[in-house]
1. Counting just the residues of region 109-119 that are touching a residue at least 12 places away in the same chain (Cβ under 8 Å) and open to solvent by 10 Å² or more (accessible area, probe 1.4 Å), which one comes out farthest from the ligand (Cβ to nearest atom)?
2. If you take the residues in region 31-73 that are open to solvent by less than 40 Å² (accessible area, probe 1.4 Å) and assigned to a helix (DSSP H, G or I), which one is farthest from the ligand (Cβ to nearest atom)?
3. Among the residues that make up region 222-230, is at least one of them acidic (Asp, Glu) and away from the ligand (no atom under 16 Å from the Cβ)?
4. Out of all the residues in region 339-367, which are more than 22 Å from residue 135 (Cβ to Cβ) and surrounded by fewer than 19 Cβ atoms within 10 Å (Cβ to Cβ)?
5. Right, residue 234: under 24 Å from residue 325 (Cα atoms), modelled with pLDDT of 95 or more, within 13 Å of the ligand (Cβ to nearest atom) and open to solvent by 10 Å² or more (accessible area, probe 1.4 Å) or not?
6. In this structure, is residue 335 among the polar types (S, T, N, Q) and open to solvent by less than 20 Å² (accessible area, probe 1.4 Å)?
7. Since residue 213 meets every condition but one in (1) surrounded by fewer than 24 Cβ atoms within 10 Å (Cβ to Cβ); (2) of a type in the set (A, V, I, L, M, F, W, C); (3) within 12 Å of the ligand (Cβ to nearest atom), which condition does it not meet?
8. What pairs can you find where one residue is in region 204-218 and farther than 14 Å from residue 185 by Cβ, the other is open to solvent by 10 Å² or more (accessible area, probe 1.4 Å) and among the polar types (S, T, N, Q), and their Cβ atoms are less than 8 Å apart, with a gap of 6+ or different chains?
Amino acid sequence: MFELGGHLVYNVFVYDTLFWQKSGIGGNYFFMECYLDNGATTAVSPSAVAAAKRAMEEVWGNPSSLHRRGIDAFLLLQQCRETVAGVLGCDREEVTFTSGATESNNLALFGAARAKKRRGNRIVTTAFEHSSVIAAAGKLETEGFEVIFVPPEPDGTLPAEKIAQAVDENTILVSTMLVNNELGTVLDIPKIGRLIRRKNKEVLFHCDGVQAFCKIPFKVSRLGVDLMSVSAHKIHGPKGVGALYVKKGVRIQPLLYGGAQEKKLRPGTEGVPMIAAFAAAAQESAQKMLPSQEKVAELNRVLRERLAALDGVVLNSPADASPYILNLSVLGIRSEIMLHALEEQGIYVSSGSACAKGEPSHVLSAMGME
Ligand code: PMP
């Protein structure tokens, strides 16, 4: 079907599908849009919009104020913390709200490295982390830390043993994602936790849980991690809000200074409306997680089967990847050209991580692809 150019030029991520129909001009035809880019962001759910609106219109006090307006906002904030903690599977004191997972990842890496720098110098992460981990780790490298970026296997998997091998006596932090955002690779976080602690009991373990939260059932307290980042806009909440799970007893340094909010770990007046919307989205997505997972797994199976039957299509995601993500190449066709051709048909996909904006994928490069 397509010219076999031998180059990897096309990567599409297929996330959970969202179909809707639009009435066309004259009202007698329907244009079907097929949004397959939910790994980049999701449509905000009506319950999240309603929660934000209520917080803006009715509960607009400063949660740190001592009068009734403030107390109402504080109580709403605590309720939201309880909800997000319930979905994550931890205590509410372990949830710190942030502006999203980029901030959560930066807070985890810089916060842990600075808190532990007297104990050691090595940080272990993977070569296919989200750019917010890769870049934060790169910055720490320029500050004198030794950073090991463990590459995935050519098939996109990454065994726990390979990560543990890089851990030594001098290691203070390990950061690995639960689900890779470009391939859908699922990492065995409990096993990584066990293996790295066998080599070094003092190491802090951070996990980027963005693409797993509300998609794969887990309890963060049972994963063996100390820190986990999540984001609202991947689960039908708004952009600009997320959280960092910080296990009880774990001390990391803040990135910002200037207030006592979020136990001084993330000072600044809390964005109550965004947090309220985040909590509403988390609750709804958690309730829908299992039926949605079944539906998405079936869609993924059909899509893989049909794509595999086409000439020149190569599936890059591992066979046991999260069903929410599918990465493929169409040999001989540039990804952007294919992206826009599909867009004309009302089909929305990604040609790479939205955060990389057109740069070649560091994830596929790490797998050894051109
Ligand atoms: N980590 C992963 C795995 C992601 O997919 C993303 C979003 N692309 C982020 C972190 C960053 O999240 P946010 O957009 O909330 O900053």
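The values are calculated or read from the model by the stated rules, or taken from the named source; none is laboratory data. Keep in mind that what you see is a predicted model, and the values were worked out from it rather than measured. Every residue, glycine among them, receives a Cβ derived from its backbone with ideal geometry; neighbour counts consider all protein chains shown. With ligands, DNA and RNA removed, areas are computed over all heavy atoms of the protein, side chains included. Shrake-Rupley method; radii C 1.70, N 1.55, O 1.52, S 1.80 Å.
1. In this case the residue turns out to be 119.
2. Only one residue tops the list, namely 70.
3. Within region 222-230 (the criterion being acidic (Asp, Glu) and away from the ligand (no atom under 16 Å from the Cβ)), the answer is yes, since at least one residue qualifies.
4. 340, 341, 342, 343, 344, 345, 346, 347, 348
5. yes
6. No: the conditions fail for residue 335.
7. With respect to (1) surrounded by fewer than 24 Cβ atoms within 10 Å (Cβ to Cβ); (2) of a type in the set (A, V, I, L, M, F, W, C); (3) within 12 Å of the ligand (Cβ to nearest atom), residue 213 is out only on (1).
8. Pairs found: 214/285.
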